[in-house]
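Let me begin by presenting the structure, written as structure tokens, before commenting on it.
The values are calculated or read from the model by the stated rules, or taken from the named source; none is laboratory data. Note that the structure is a prediction, hence the values are computed from the model and not measured. Virtual Cβ from ideal backbone geometry, glycine too; neighbours counted across all protein chains shown. Only protein heavy atoms, including side chains, enter the accessible area calculation; ligands, DNA and RNA are left aside. Shrake-Rupley method; radii C 1.70, N 1.55, O 1.52, S 1.80 Å.
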Amino acid sequence: IFFSGNGPSGICLSYLLSGYTPYFKRHSLHPHPILQRKLEEAPEVSVLDQDLEYLSEGLEGRSHNPVALLFDTLQRPDTDFGGTAESVLTWWHEPDRAIPHLVLGRNAPGGAWHSIEGSMVTLSRGEWMGLPDLPFKEWLKQKRRGLRNNRATAEDIAQYYQHYVMKKGLQKNFRCGTVVTSVRKVSAESISNHTQKDLQDSDPLWNSNEQSTEVFQVDGFFKTVEGDKEPFSLHAENVVLATGTYDNPTWLGVKGENLSYVHHQLSALEEAVKNNSVGIMSDPVLIVGAGLTAADAILFAHHCNIPVIHVFRRRVGDPGLIFNQLPKMMYPEYHKVHQMMKEQTAACAGPYECYISLPEHHVLSFGKDKKCILQDKNGCQKAYKISMALVLTGSNPNLSFLPNNGIDLAMDSDQPVNSKRNPIDVDPFTYECTQEKGLYALGPLAGDNFVRFVQGGALAAASSLLKK
């Protein structure tokens with residue numbers, strides 16, 4: 001089995017396919033009485049071998065995926081209500097249950113967490129970033145550090161995921177510095193006899209499955225230490241997509257967006273501050289978007305006293321705005337940004353210097369002279385002189401390695417895959433793609449956007465693969 005992507009989804013699935021098996025811990029008590037009763041019915045049967053649909057029936061929480069809720073509530077029984085009940089799972093290592101697999105990823109284990117500015121604080125509480133059977137809090141304690149406001153930095157998390165892979169002995173399954181360029185179905189006969197023979201020598205599964213006429217061919221290259229690209233081609237009966245959505249920032253599609261002062265990643269602002277190309281005296285930085293990345297950019301600019309013009313399409317009170325969904329106590333800094341957005345519109349000067357908020361506006365064009373034309377909801381246009389622009393309106397997965405960019409696999413097969421609006425269509429209890437047997441999708445690709453919930457997808461996929 002090959003999987004593309006080595007972030008939390010890939011790591012968790014590798015753990016489950018390496019023979020680490022979850023059982024209901026005897027004498028533990030789950031706060032959900034119906035689930036407790038179901039777990040007591042077959043305590044000697046691993047959760048992987050039980051009927052996940054039956055176990056997850058009737059659970060409610062912050063994910064739409066039933067197995068995501070199930071695995072999360074088994075590991076963190078009442079965390080949403082501020083409880084600290086221990087996990088009701090106990091883990092046994094059963095090496096005879098292990099399934100050979102390879103995890104391919106561009107970076108070190110941890111995926112996109114290595115690309116995020118290290119000092120950024122996570123949206124989720126620190127303990128929600130943890131993987132099975134190695135609590136994040138315990139790991140931080142060894143580093144003699146506490147959680148700030150219960151939350152962790154991106155650097156901590158990237159290190160924790162690397163540590164997890166080493167500590168659980170998973171590194172032999174990971175190939176880092178790998179780029180997958182193509183995944184497609186081929187007929188088993190078309191693979192040369194020579195390759196077929198090699199596979200049979202090394203893997204008896206091939207003999208027992210002669211009736212399986214199609215396999216996946218995975219092509220790509222390894223980046224060597226010298227910087228060369230070494231191509232590879234592999235064959236597998238099952239492939240898991242766990243690539244996340246960090247790769248492709250969304251563009252607005254307006255004139256001048258490709259000019260050198262317009263950027264689509266927060267790191268560009270950090271870079272500009274480092275080399276003094278923006279500062280307290282420069283023209284304002286234009287920040288477009290009203291999600292958490294845009295908020296991080298505003299906080300960063302505010303911290304460096306850099307003037308900001310903040311443009312977003314929604315109303316400040318729109319319930320769809322993420323700030324209207326976050327508890328104030330847990331996220332004081334995001335609450336502060338929301339307050340700035342409310343109080344500091346261009347129409348009425350508020351208490352925050354160096355910041356103007358323009359709700360219900362959008363960008364019409366960027367000019368070569370660093371002038372940007374904005375339009376409000378009534379069609380009035382205004383021009384602003386800026387030093388740089390950051391378009392931070394979300395990102396899309398890069399599925400260029402799949403036929404037709406994976407569009408045929410999406411819920412709406414006329415639109416590109418998008419983690420929030422148009423995820424890949426998967427069976428909710430196996431995470432196997434509805435349109436393509438043997439292909440699985442985990443994490444944001446399947447609509448699970450939080451680390452605590454991607455792990456249920458890994459449980460569902462592992463359970464399905466073990467049954468195969």
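Worth pointing out:
- The residues Asp49, Asp376, sorted by heavy-atom accessible surface at 1.4 Å with ligands and nucleic acids left out, run Asp49, Asp376 from largest to smallest.
- Scattering profile of segment 245-292 at q = 0.13, 0.21 Å⁻¹ [log10 I(q)/I(0), Debye over alpha-carbon scatterers]: -0.36, -0.91
- Residue separation of Asp228 and Glu270 scaled by 0.36 nm, minus their Cα-Cα distance, works out to 12.2 nm of gained length.
- Among the chymotrypsin sites (Phe, Trp or Tyr not before Pro) in segment 7-115, none sits in a DSSP loop with a Cβ that has at most 14 other Cβ atoms within 10 Å.
- Distance between the pseudo-spin-label points of Arg315 and Met411 (7 Å out from Cα toward the beta carbon): 2.5 nm.
- Cα point-scatterer Debye curve for segment 309-463, base-10 log of I(q)/I(0) at q = 0.10, 0.16, 0.17, 0.21 Å⁻¹: -0.56, -0.99, -1.03, -1.22
- Pairs of alpha carbons in segment 251-393 whose separation is greater than 22 Å (percent): 33
- Probing with 1.4 Å while keeping every protein chain in the model, the per residue accessible area of segment 251-393 equals 50 Å².
- Modelled label reach - Glu57, point 7 Å along Cα→Cβ, segment 425-441 residues with backbone N closer than 17 Å: 428-430
- With the whole protein complex present, Glu40 retains an accessible surface near 100 Å², based on a 1.4 Å probe.
- Kyte-Doolittle mean at least 0.5 and Cα axial length at least 20 Å: DSSP H helices in the chain: 451-467
- Separation of segment 282-302 from segment 214-263 is 27 Å, based on Cα centroids.
- Extension gain for Asn449-Asn398 works out to 16.8 nm (0.36 nm per residue, less the C-alpha to C-alpha distance).
- Full extension of the chain between Ile34 and Lys377 gives 118.4 nm of extra length, using 0.36 nm per residue less the Cα-Cα distance.
- Checking (i) 1.22; (ii) 1.06; (iii) 0.97 against Cα Rg over 2.2 N^0.38 Å calculated from these atoms, the matching label is (ii).
- Solvent-accessible area of the chain (1.4 angstrom probe, protein heavy atoms only): carbon and sulfur portion equals 51 percent.
- For Gly320, net neighbour charge (Lys/Arg +1, Asp/Glu -1) across residues whose Cβ lies under 14 Å away: +3
- Other residues whose C-beta falls under 10 angstrom from the C-beta of Pro307 contribute a net charge of -2, scoring Lys and Arg +1 and Asp and Glu -1.
- Size of electric dipole in segment 251-393: Cβ of Lys, Arg +1 and of Asp, Glu -1, about Cα centre, debye, nearest 20: 320
- Shown here are the Rg and Dmax of the Cα trace of segment 363-445, at 19.1, 54 Å.
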